[in-house]
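All of the numbers you see were taken from the coordinates with simple rules; none came from a lab. Keep in mind that this is a model prediction, so the values were computed, not measured. Cβ placement follows ideal geometry from the backbone for every residue including glycine, while neighbour counts extend to all protein chains displayed.
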Amino acid sequence: MCKDEIAWVESINTWLSINIERYNISRVFLPAGDTPRPLYKFWESRGAPFSENLKLIQLDEIISGLSAGSFRTFFKETLPSFINQFEFIDEADKGAQLAVLGLGANGHVAFHEPGLDKDFFSGCVNLSADTILRNKLSAGTRAVSYGVGAFLLTQAIILIVRGEAKKNILRNILSAGCDLPAAQLMSHPNLVIITDIKI
């Protein structure tokens, strides 16, 4: 557990530096959203722990409704200094070697929703009612996403869990027998969970 925002940003940066060097990484999955926003703010103001040759791979994107394309817009607005390093999901033809992920409130990672096959690698998905409601999207919204099948092929994964609202779902995915997508990451030999939640 990290005591504050500065500590967890520093922890993620250290993890990235170590693993990029250890595994000679050229491609990293990155999430959009509020969870990683302080990390990206740090990179914009103080620099990132990787070279300009590293490819940043978009995890997921909304493809229908008024919010279509909003994650690409998020990255352009939040990480403008790094935008030339991005491979957006509609241009992607393969996965990545490291994964920076956030935990969804219903146990999803990226848009790998509960109920999807655990081996789901990538493709178009229907968002759950819970995800649609929490993200204030219109009913029937669809997305494209990488999934657990892709993440388990990476050399290392860091799962970021921020905020007391995620306490119960974090406890759930850490419990024996949980079959939510985020819980399926527990089989990865090099998984780190970083959180500001005391459980």
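Summary of values
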quantity	calculated
Total charge dipole magnitude, segment 53-132, about the Cα centre, Cβ charges on Lys, Arg, Asp, Glu only, Debye to nearest 20	220
Computed E for SER17/SER64 - FRET, C-beta separation, R0 35 angstrom, nearest 0.05	0.40
Candidates per trypsin sites (Lys or Arg not before Pro) in segment 143-199, loop by DSSP, up to 10 other Cβ within 10 Å	LYS198
Span from the segment 109-129 Cα centroid across to the segment 7-84 one, whole angstrom	21
Using a Förster distance of 25 Å, the FRET efficiency for ASP119-ASN24 (Cβ separation, nearest 0.05)	0.40
Cα-based Lys proximity count in the chain, under 29 Å, for pairs eight or more positions apart or on separate chains	27
Stokes-Einstein translational diffusion, the chain - Kirkwood Rh over all Cα pairs, 1.567 mPa s, 4 °C, in µm²/s	77
Gaussian network model of the chain, Cα within-10 Å springs - most flexible of LEU39, LEU30, LEU185	LEU39
Largest-first principal axis extents, alpha carbons of segment 134-181, Å	33, 29, 21
Footprinting exposure proxy for THR35, THR73, THR154 (fewest neighbouring C-beta atoms within 10 Å first)	THR73, THR35, THR154
Spin-label pair ILE83/ASP34, simplified geometry with 7 Å Cα→Cβ offset, distance in nm	2.5
DSSP beta bridges in segment 73-178 [antiparallel fraction, %, rounded to 5]	60
Of GLY107, GLY149, GLY140, the one that fluctuates the most in a GNM where the chain has Cα springs shorter than 10 Å	GLY140
Semi-axis lengths (Å, descending) of the ellipsoid that matches the C-alpha gyration tensor of segment 1-98	22, 17, 12
Fraction of beta bridges assigned by DSSP in the chain that are antiparallel (%, nearest 5)	35
Segment 120-199 - charge dipole about Cα centre, Lys and Arg +1 at Cβ, Asp and Glu -1, debye rounded to 20	220
Gaussian network model of the chain, springs between alpha carbon atoms under 10 Å - residue of ALA156, ALA183, ALA92 with greatest fluctuation	ALA92
Computed [θ] at 222 nm, deg cm²/dmol, the chain (DSSP H ≥ 4; -39,500 (n - 2.57); rounded to nearest 500)	-8500 deg cm²/dmol
Debye-sum result for segment 91-195 in log10 I(q)/I(0), which assumes one identical scatterer on each alpha carbon, at q = 0.10, 0.19, 0.20 Å⁻¹	-0.26, -0.96, -1.06
Dipole moment magnitude, nearest 20 debye, the chain about Cα centre, only Lys, Arg, Asp, Glu C-beta charged	360
Two-decimal log10 I(q)/I(0) for segment 55-116, as the Debye equation yields it once each C-alpha is a single scatterer, q = 0.12, 0.16, 0.21, 0.23 Å⁻¹	-0.33, -0.59, -1.00, -1.16
Modelled label reach - SER138, point 7 Å along Cα→Cβ, segment 109-126 residues with backbone N closer than 20 Å	124-126
